[in-house]
């Protein structure tokens, strides 16, 4: 009789262990199924279908973070080009600077107002000087938000008789607005922007200066 009881008890333990293993296996399968379904859903969201010449083509989009440094540098470069690429004409200057102000906060407007009050733009117009900029490099820190940057650029003031070359260094921070618009396609905003250095450098074309 005791032997039968031991057999029943052992069988019960085996059934109990088997039940636990079965429950664990079912739980694992369900969790894996949910995870796999989420992965498929994410992959589906990243697919873009393009209609080209009557054919449907599939493209794959990349997430914003993987492209973050490229987008930030392009946003910063575009801002500097709008702010510093200027023709010697009042409406053209205002139109270009206005585009730059969509990409930055009031710190950029403050720099513009300071240049306006100092007569900088009037000197460009009166002396028929065109201003151009080449962004040489932008150093980013994307480990800390908002993202800090320092931009190094070459600025040229071109008049009929001479060209002045200047070294330009600026810095600021960029925050993510989470939304894109026609005026701000990357959806970033430059803040705390300041000009650290803007001085003449020797060049092969002679020097002209705008005070």
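Only the coordinates and a few stated rules stand behind these numbers; no lab work does. The structure presented is a predicted model; accordingly, all values stated were derived computationally and were not measured. Cβ sites come from the backbone with ideal geometry, for glycine too, and all protein chains shown count toward neighbours.
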(request) Could you compute the FRET efficiency for residue 94 and residue 181, with r as their C-beta to C-beta distance and R0 at 25 Å, rounded to 0.05? (result) 0.80
(request) Report the extension gain between residue 139 and residue 22 in nm, rounded to one decimal, defined as 0.36 nm multiplied by the number of residues separating them, less their alpha carbon distance. (result) 36.5 nm
(message) Given contacts defined as C-alpha pairs under 8 Å and at least six residues apart, what's the relative contact order of segment 69-160, whole-number percent?
(response) 29 percent
(message) Can you give the FRET efficiency to the nearest 0.05 for residue 107 and residue 160, using r as the Cβ-Cβ distance and R₀ = 25 Å?
(response) 0.15
(request) For an R0 of 35 angstrom, estimate the FRET efficiency from the Cβ-Cβ distance between residue 13 and residue 35 and round to the nearest 0.05. (result) 0.60
(request) Take the alpha-carbon positions of segment 73-172, form their convex hull, and give its projected area averaged over all directions (one quarter of the hull surface) in nm². (result) 6.3 nm²
